[in-house]
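Reviewing the structure listed below.
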Amino acid sequence: MRPLTDTTPKPLLCVKGVPLLSYHLRALQLAGHTDVAINTAWLEEKITQHYGDHFCEDAAMPALRIHYSREGRDFGYALETAGGIARLLPYLDSAFWVLAGDIFIPGFEFSSTILDRFERSKYLAHLFLVPNPAHNTKGDFGMSENAEALDLEPTDPRARYTYSSIGLFKKPLFHAPFFEVEPGNVLGTQAALAPLLRSAMVQGLVSAELLKGAWTDVGTPERLKTLNSC
């Protein structure tokens with residue numbers, strides 16, 4: 001995203017005058033959530049200064065309390081998705097939402113119905129998949145007829161979809177045998193999420209659903225320009 005991100009962290013880049021991260025925070029508040037944790041690294045002080053310790057755009061709803069995991073200050077680098085989750089794990093609920101701060105998905109609802117259903121299920125993760133965009137035509141994961149996410153072999157002819165970077169997760173996914181980083185991640189271990197998901201998929205422990213609304217991975221200045229020109 002350079003040169004845009006030379007001075008602005010991606011979550012604060014704006015679509016129609018609103019930072020990408022604010023769309024997520026607004027949706028979380030409207031869904032009735034009261035606490036959110038934000039992992040920061042690059043230009044993190046701009047995020048903490050912009051939002052402070054709470055977010056509230058609807059006075060009729062409880063404000064979101066914001067907690068920060070300041071990976072840049074504490075380690076000098078980003079911990080990646082699984083590493084960042086591990087650092088926050090002692091403070092998270094038994095089931096929790098995870099989403100990237102640099103995607104645009106204005107119509108998404110953080111449904112308590114979906115969360116409740118997930119909590120009662122056998123699954124350790126529930127992924128929201130989207131049709132493959134132009135920059136990821138091969139997709140990431142398949143989906144079975146009974147809505148389980150699949151780690152397909154390259155020769156498997158079944159359809160693949162792109163992980164939207166929104167998902168529901170349970171704490172056991174971030175423990176052995178799937179993950180070896182201790183909760184709290186005091187050593188600052190960098191770790192990607194995909195290997196954990198693929199291991200859990202083999203055991204039939206990841207569910208999925210396909211989203212068909214607007215979604216953009218804002219990964220280039222051109223994609224951001226397109227969003228702002230619509």
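Mind listing which trypsin sites (Lys or Arg not before Pro) in the range 117-179 are in a DSSP loop and have 15 or fewer other Cβ atoms within 10 Å?
Numbers: sites: 117, 120, 122, 138, 158, 160, 170; in loops: 122, 138, 158, 160.
Answer in residue order: 122, 138, 158.
Taking θ as phi - 60° and the Karplus parameters 6.51, -1.76 and 1.60, the scalar couplings of the range 172-183 work out to x, 5, 9, 10, 4, x, 7, 8, 10, 7, 5, x Hz in sequence order, x denoting glycine and proline. Once a ≥ b ≥ c are taken as the square roots of the eigenvalues of the Cα gyration tensor of the range 153-226, is the result rounded (a/c under 1.5), prolate (a/b larger than b/c) or oblate (a/b not larger than b/c)? Since a/c reaches 1.5 but b/c is at least a/b, the shape of the range 153-226 is classed as oblate.
Please go through the range 157-230 and write out the GluC sites (Glu not before Pro) that DSSP classes as loop and that have at most 11 other C-beta atoms within 10 Å.
Working: sites: 180, 209, 222; in loops: 180.
Qualifying residues, ordered by number: 180.
Annotation note: trypsin sites (Lys or Arg not before Pro) in the range 1-87 located in DSSP loop regions with a Cβ neighbour count of at most 12 within 10 Å are 16.
Taking amide H as placed 1.01 Å from N in the peptide plane, the amide H of residue 69 sits under 5 Å from that of 38, 39, 40, each at least 5 places away or on another chain. In this structure, the pairs whose alpha-carbon distance is over 26 Å, taken from 10/212; 16/46; 46/138; 16/171; 16/212; 46/225, are 46/138; 16/171.
Averaging the Cα positions of each part gives two centres, and for the range 10-63 and the range 105-128 these lie 20 Å apart.
Taking the helices alone, the chain has a mean residue ellipticity at 222 nm of -7000 deg cm²/dmol, built from -39,500 (n - 2.57) per DSSP H run of at least 4 residues and averaged over all its residues.
Laboratory data are not the source of any read-out in this text; all were calculated from the coordinates shown. Everything numeric in this text was worked out from a predicted model, so none of it was measured. As a convention, Cβ positions derive from the backbone with ideal geometry for all residues, glycine included, and neighbour counts pool all protein chains shown.
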